[in-house]
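Let me begin by presenting the structure, written as structure tokens, before commenting on it.
The values are calculated or read from the model by the stated rules, or taken from the named source; none is laboratory data. These numbers come from a predicted model, not from an experiment. Here the Cβ positions follow ideal geometry from the backbone for every residue, glycine too, while neighbour counts run over all protein chains shown.
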Protein chains: 2
Amino acid sequence: MALIVQKYGGTSVGSPERIKNVVRRVAKYKALGHQLVVVVSAMSGETNRLIGLAKEMQAQPDPRELDMVVSTGEQVTVGLVSMGLIQEGLKAKSYTGAQVKITTDSAFTKARILSIDEQNIRADLDNGYVVVVAGFQGIDKDGNITTLGRGGSDTTGVAIAAALHADECQIYTDVDGVYTTDPRVVPEARRLKTITFEEMLEMASLGSKVLQIRAVEFAGKYRVKLRVLSSFEEEGDGTLITFEEDDKMEQAIISGIAFNRDEAKITVRGVPDKPGIAYQILGPVSEANVDVDMIIQNVGVDDSTDFSFTVHRNEFDKAMDILKNKVQHHIGARNVVGDNKTAKVSVVGVGMRSHVGIASKMFRTLAEEGINIQMISTSEIKISVVIDEKYLELAVRVLHKAFDLDLEPA
Amino acid sequence: MALIVQKYGGTSVGSPERIKNVVRRVAKYKALGHQLVVVVSAMSGETNRLIGLAKEMQAQPDPRELDMVVSTGEQVTVGLVSMGLIQEGLKAKSYTGAQVKITTDSAFTKARILSIDEQNIRADLDNGYVVVVAGFQGIDKDGNITTLGRGGSDTTGVAIAAALHADECQIYTDVDGVYTTDPRVVPEARRLKTITFEEMLEMASLGSKVLQIRAVEFAGKYRVKLRVLSSFEEEGDGTLITFEEDDKMEQAIISGIAFNRDEAKITVRGVPDKPGIAYQILGPVSEANVDVDMIIQNVGVDDSTDFSFTVHRNEFDKAMDILKNKVQHHIGARNVVGDNKTAKVSVVGVGMRSHVGIASKMFRTLAEEGINIQMISTSEIKISVVIDEKYLELAVRVLHKAFDLDLEPA
């Protein structure tokens, strides 16, 4: 008998019919003798509907009031799931974030979990109940309802699993696991049986949007065993996210090819090569709430250097405007150039730590196809390059092949 | 400066546009220097939508889980109203029933309010906030979300007004007050400036569905000054529901003509005239959850009597079936007859206490039109008769005229 936390996303609970599928799966696990906590998101579309209503009242809805409104989405789902379980003859009980005392800070719309009082849940589990908890939401110390921001339901699942020392946290989604790359780009892409937390973090942040990155970090911190599964398939073990690198020793050096289509690159040329210059360039950008991804600065020549970074394509114009009008003359840079027709491709794998030549293999593979590399950035377990967006699919396909990702590891 | 509780029903907050009207009205009162608590229902249609979802999961939804789901309706509205007020430059803060600690018993879907902790509301009011509270809902002592049942938002408004000792509780609805009778039946029907609580109770229970009867009872018990107003009209003082009969002394003897179209009458004939017989007849009926309205038993003749009562037309067949198959032979009655083509008309007025001849005037008026009276029942402040439903409109019109209800009181 194990204690399992299952988290179902909005698509998995998108209609009463789909909720009944969730109910059947939960009942199956329950019949095997497991204790179950089920964490659910709002029905797909519901959160957007509620935000739409809010925006009709205020173009920029008050954050406290927005959380009041949006948190109802999950509250509806927990009730419906619970009804379905009771209908199946199970004992079930639903809870809002506030009722389980998922205490967060007061950063409305993007709150962080501080603590969970797991006593009620544990008592219910011991009494044979399936406990159904609203994801994505909590309560601050003053009793205000908060939400964790988009995708926060994953975090709720992991946090509850951590608080209960659950045997496993299963994240059900509309894909059946983590793939070596996006199967829509590379049909030979293969589902990974396991992936390490570090790799998962790199894959997630690089665009393989299976799991919310905060949830992965949280799971890593509290050593929660995480598994990604499909809620639309009866069978399959999904992908287990592990802490143990040992298992990986005999496996592939590279676990996957991540990519991001929405990258735009900006270069500030002729920047005086002196301390504080990076902050003077990026300070105004981040103050305008523009998220920066890759940042590259090469060694300077003649007291002058070029400073490059990437932003989301939607924020390209905004960032260019700030740099040209607020930064360039202020710091005495020569000029600012940008390109929003770029994409980022990364090879990810803990194996590259102990293997040389991964970078050169990657660069050679791209060169053989005539793909020019515009920027390079590396970490311990990944190498990212920025290329012309028109070569993106080609790059992903040839790299997937070059690193033998279409083959089962020996 | 007064402390005013305003309650807006589902139609009044049925869309963002309508909520903006509510916001404007609240802002107007606030600008006059009043302290304001706003109690709101779910947007019209929302509660039914949620119940529909629940019924897709369970034909008879689990009551605790149903309250979990349905209570989100008002939670959405309080957030939206609050946003609207903030957008208008006011300070505003929304609360769920649980957050204000509207403590109820645990009778899910029909809970009763036990207490309200008004401290948070008062602190916010003193700090210049408009406080927006979700109607219809509360929390039991174990922290479960409860609802007060349909129309419970009126009760929430009155209960908060009572807890805060508010100067007035204004109930905004889609009519502009209480009328002498239904204006669709009698175009000359006149809005009453005031009505006593007792009259209101009789009018409400008899079919003038302006205010939830529980809310009126609650207001009477805690002596809350209640006013019914239209949320769709800018001007008008609505109808004030008073405790003071003094004001009525010079006014009309009769305040209004109430009626109920859906009455069905049932008579059990030849009932042995002995103790316990009323219970033996009505016990099985009420056990089947059939509500009984009027009950009449005349003095017996030869140890035998006739026992009559009325039920809602929809429950006529069910009640007849119970009486014929479970009661008649058991108690040795002669037979059971019924008629579901009947209607009830009542004249209501505290004035009739001190005036004789009201009943005879009523009966004469009906007789002059050839309307046969099938049953009569009286209380201190009302006289009700059951008649053939085809005469209903005629009866209401002639009685309205006979008691001079179309004329302003002197």
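Would you confirm, using the coordinates I've provided, whether B:LYS101 is touching a helix residue (DSSP H, G or I) at 6+ places or on another chain (Cβ under 9 Å), within 12 Å of chain A (Cβ to nearest Cβ) and within 18 Å of B:VAL26 (Cα to Cα)? Full working, then the answer.
Values: touching a helix residue (DSSP H, G or I) at 6+ places or on another chain (Cβ under 9 Å): yes; within 12 Å of chain A (Cβ to nearest Cβ): yes; within 18 Å of B:VAL26 (Cα to Cα): no.
It is false that B:LYS101 is touching a helix residue (DSSP H, G or I) at 6+ places or on another chain (Cβ under 9 Å), within 12 Å of chain A (Cβ to nearest Cβ) and within 18 Å of B:VAL26 (Cα to Cα).
Tell me the residue from A:SER106, A:SER44, A:SER71 that is polar (S, T, N, Q) and in contact with a Lys or Arg (Cβ under 8 Å, 6 or more places away or on another chain), please.
Just a single option satisfies the conditions, and that option is A:SER106.
Can you tell me which residues in the range B:173-207 are closer than 20 Å to B:THR155 by Cβ, out of contact with any helix residue (DSSP H, G or I) (no Cβ under 8 Å at 6 or more places or on another chain) and crowded, with 24+ Cβ neighbours inside 10 Å?
Result: B:GLU202, B:MET203.
Can you find a residue that is of a type outside the set (A, V, I, L, M) and facing another protein chain (nearest Cβ under 8 Å) anywhere in the range A:4-11?
no
Where the second residue is polar (S, T, N, Q) and surrounded by 14 or more Cβ atoms within 10 Å (Cβ to Cβ) and the first is in the same structural domain as B:HIS329 (by TED's automatic domain parsing) and lies in the range B:274-287, which pairs have Cβ atoms under 7 Å and are six or more apart or on separate chains?
Pairs that qualify, where the first residue is in the same structural domain as B:HIS329 (by TED's automatic domain parsing) and the partner is polar (S, T, N, Q) and surrounded by 14 or more Cβ atoms within 10 Å (Cβ to Cβ), are B:ALA278/B:GLN297.
Since A:GLN297 meets every condition but one in (1) surrounded by 12 or more Cβ atoms within 10 Å (Cβ to Cβ); (2) modelled with pLDDT of 90 or more, which condition does it not meet?
All conditions are met except number (2).
Taking the range B:332-364, which residues are touching a helix residue (DSSP H, G or I) at 6+ places or on another chain (Cβ under 6 Å) and either surrounded by fewer than 18 Cβ atoms within 10 Å (Cβ to Cβ) or not assigned by TED's automatic domain parsing to the domain that holds B:GLY256 (or both)?
Once the filter is applied, which keeps residues that are touching a helix residue (DSSP H, G or I) at 6+ places or on another chain (Cβ under 6 Å) and either surrounded by fewer than 18 Cβ atoms within 10 Å (Cβ to Cβ) or not assigned by TED's automatic domain parsing to the domain that holds B:GLY256 (or both), the range B:332-364 yields only B:LYS341.
Kindly check whether there is at least one residue in the range A:17-29 that is under 21 Å from A:LEU164 (Cβ atoms), hydroxyl-bearing (Ser, Thr, Tyr) and crowded, with 19+ Cβ neighbours inside 10 Å.
No, every residue in the range A:17-29 fails to be under 21 Å from A:LEU164 (Cβ atoms), hydroxyl-bearing (Ser, Thr, Tyr) and crowded, with 19+ Cβ neighbours inside 10 Å.
Filter the range A:285-297 for residues that are within 25 Å of A:SER379 (Cβ to Cβ) and in a helix (DSSP H, G or I); which is farthest from the chain's Cα centre (by Cα)?
Of everything passing the filter in the range A:285-297, A:VAL285 is farthest from the chain's Cα centre (by Cα).
With the structure loaded, tell me whether A:PHE136 is more than 12 Å from chain B (Cβ to nearest Cβ), among the aromatic types (Phe, Trp, Tyr) and under 28 Å from the mean Cα position of the chain (by Cα) or whether it fails that test.
Judged against the criteria, A:PHE136 is a match.
Mind checking which residues of the range A:365-379 are polar (S, T, N, Q) and either buried (at least 21 other Cβ atoms within 10 Å of the Cβ) or farther than 25 Å from A:PHE309 by Cβ (or both)?
The answer is A:THR365, and nothing else.
Could you tell me which residue of the range B:298-355 is nearest to the chain's Cα centre (by Cα), considering only residues that are within 18 Å of B:TYR279 (Cα to Cα) and of a type in the set (Phe, Trp, Tyr)?
Checked the range B:298-355; the qualifying residue nearest to the chain's Cα centre (by Cα) is B:PHE309.
Condition (residue is of a type outside the set (A, V, I, L, M) and within 30 Å of A:GLN119 (Cβ to Cβ)) applied to the range A:49-57: is it met by at least one residue?
Among the residues of the range A:49-57, not one is of a type outside the set (A, V, I, L, M) and within 30 Å of A:GLN119 (Cβ to Cβ), which makes the answer no.
Does B:ALA31 qualify as being touching a Leu at 6+ places or on another chain (Cβ under 6 Å) and without any contact (Cβ under 8 Å) to a residue 60 or more places away in the chain?
Values: touching a Leu at 6+ places or on another chain (Cβ under 6 Å): no; without any contact (Cβ under 8 Å) to a residue 60 or more places away in the chain: yes.
Answer is no for this residue.
When you go through A:VAL356, A:VAL345, A:VAL311, A:VAL271 one by one, which is the residue that is farther than 28 Å from A:VAL398 by Cα and among the β-branched types (Val, Ile, Thr)?
Unique residue meeting the criteria: A:VAL271.
Out of all the residues in the range B:169-223, which are in contact with a strand residue (DSSP E or B) (Cβ under 8 Å, 6 or more places away or on another chain) and among the basic types (Lys, Arg)?
Matches in the range B:169-223: B:ARG190, B:ARG191, B:LYS193.
Looking only at the range A:112-143, which residues are in contact with a helix residue (DSSP H, G or I) (Cβ under 7 Å, 6 or more places away or on another chain) and not in a helix (DSSP H, G or I)?
A:ILE113, A:ILE116, A:GLU118, A:VAL130, A:VAL131, A:VAL132, A:VAL133, A:ALA134, A:GLY135, A:PHE136, A:GLN137
Does the range A:75-97 include one or more residues that are more than 10 Å from chain B (Cβ to nearest Cβ) and either hydrophobic (A, V, I, L, M, F, W, C) or under 23 Å from the mean Cα position of the chain (by Cα) (or both)?
Yes, there is a match, as at least one residue in the range A:75-97 is more than 10 Å from chain B (Cβ to nearest Cβ) and either hydrophobic (A, V, I, L, M, F, W, C) or under 23 Å from the mean Cα position of the chain (by Cα) (or both).
I'm trying to understand the selection: among the residues of the range A:377-398, which are in contact with a Ser or Thr (Cβ under 6 Å, 6 or more places away or on another chain) and of a type in the set (A, V, I, L, M, F, W, C)?
Correct list: A:VAL386, A:VAL396, A:VAL398.
In the range B:22-69, which residue that is under 21 Å from the mean Cα position of the chain (by Cα) and among the hydrophobic types (A, V, I, L, M, F, W, C) is farthest from the other protein chains (Cβ to nearest Cβ)?
Ranking the qualifying residues of the range B:22-69, first place goes to B:VAL39.
Conditions tested, residue by residue: (1) under 13 Å from B:SER71 (Cβ atoms); (2) in contact (Cβ under 8 Å) with a residue 24 or more places away in the chain; (3) surrounded by fewer than 17 Cβ atoms within 10 Å (Cβ to Cβ); (4) within 12 Å of chain A (Cβ to nearest Cβ).
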position: B:ASP105; (1), (2), (3), (4): no, yes, yes, no
position: B:PHE108; (1), (2), (3), (4): yes, yes, no, yes
position: B:ILE116; (1), (2), (3), (4): no, yes, no, no
position: B:ARG122; (1), (2), (3), (4): no, yes, yes, no
position: B:GLY128; (1), (2), (3), (4): no, yes, yes, no
position: B:ASP140; (1), (2), (3), (4): yes, yes, no, yes
position: B:ASN144; (1), (2), (3), (4): yes, yes, no, yes
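Of the residues A:VAL175, A:VAL185, which is assigned to a loop (DSSP other than H, G, I, E, B) and either within 14 Å of another protein chain (Cβ to nearest Cβ) or farther than 16 Å from A:HIS400 by Cα (or both)?
Result: A:VAL175 is the single residue among A:VAL175, A:VAL185 that is assigned to a loop (DSSP other than H, G, I, E, B) and either within 14 Å of another protein chain (Cβ to nearest Cβ) or farther than 16 Å from A:HIS400 by Cα (or both).
Going by the conditions given, is B:THR103 on the phi < 0 side of the Ramachandran plot and among the hydroxyl-bearing types (Ser, Thr, Tyr)?
yes
Can you go through B:ALA42, B:ALA54, B:ALA92 and tell me which one is among the hydrophobic types (A, V, I, L, M, F, W, C), touching a helix residue (DSSP H, G or I) at 6+ places or on another chain (Cβ under 6 Å), in the same structural domain as B:GLY9 (by TED's automatic domain parsing) and without any contact (Cβ under 8 Å) to a residue 24 or more places away in the chain?
B:ALA54
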